[in-house]
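A short worksheet on the structure shown next.
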Amino acid sequence: MADLDTRLITHTGLVLRVRPVRIGDESALAKFFDEVTAEDRRFRFLSVVRVGLEHVAAMTAIDHEQTESFVAFDETGTVILGAAMLACDPAFENGEVAISVRGDHKNLGIGWELLRHVEAYARARGIKRLMSIENRANKSAIQIERERGYDATSYDGDMTLVVLQKSLAA
C-alpha cells in the first residue's frame, strides 16, 4: 500500500497527502466525520447517521482489492481533510465511488482531486465504469461529477436519488 501514497495539489494550492486507509486510522476517521457537516454525512451515507467507531472500524477493515479507501491529510499528515471510497464488483468492471470533505475545507478542490485520484486508480486497475449514487439535493457533488464527465440518470425506485456514471475505457 505504501506505493499508493501520493501528494496532490488542489486548484487553490492546498497540498494533500493521500494514502490508503490503514488499521489504526479509526480515531482520526471518527474525528474527521465529526467535522463533516450533518447534511454531507446524510449525502455520503444516504441516511441520517452519526459516524461512530463501529462505522470507521468497518471502513478500515477492507481488503484493499475489491474495496479501497483513501484518506487525504493536510500537508503535515496529521488532520484528515477528505476521504474517498471505491467499491468494485467481483468482476472488477464497475466501481462505486463515495467522497466526503470536512465542512471547514469545502470548496477548496479536495473533492475534485479525490475524485480524479480515484478515477486514475480505478483506470489503472482496469475498472471500466465508475458510478456514484447521489441525493439530488447534493448539487455540489453532482456538479463536480458532471464537470468530470459523468452522465446522470434517474435512480429506479427513488426519485430523490440520481446515478452518475463515467466510462473509463480508453
At 222 nm, what value in deg cm²/dmol follows for the chain if DSSP H runs of at least 4 each add -39500 (n - 2.57) and the sum is divided by all its residues, to the nearest 500? -9000 deg cm²/dmol
Kirkwood hydrodynamic radius (Cα pairs, Å) of the chain? 16.1
How high is the relative contact order of the chain, given as a whole-number percent (alpha carbon pairs under 8 Å, six or more residues apart)? 18
Any idea how far apart residue 104 and residue 87 come out in nm if each label point goes 7 Å out from Cα toward Cβ? 3.0
Nothing charged except the Cβ atoms of Lys and Arg (+1) and of Asp and Glu (-1): what's the magnitude of the dipole of segment 50-121 about its Cα centre? Round to the nearest 20 debye. 360
Cα-based Rg then Dmax for segment 99-158, in Å, read 12.5, 35
If you project the alpha carbons of segment 53-137 onto their three principal axes, what span does each projection cover, largest first, in Å? 37, 27, 26
Residue 21 long-range amide H proximity, modeled H, under 5 Å: 69, 70, 71
Two pseudo-spin positions, 7 Å from Cα along C-beta at residue 57 and at residue 15, lie apart in nanometres by 3.6
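Values in this text are rule-based calculations from the coordinates and carry no lab data. As the structure is a prediction and not an experimental result, all values here were calculated from the model. Glycine gets a Cβ as well: all are built from the backbone with ideal geometry, and neighbour counts include every protein chain shown.
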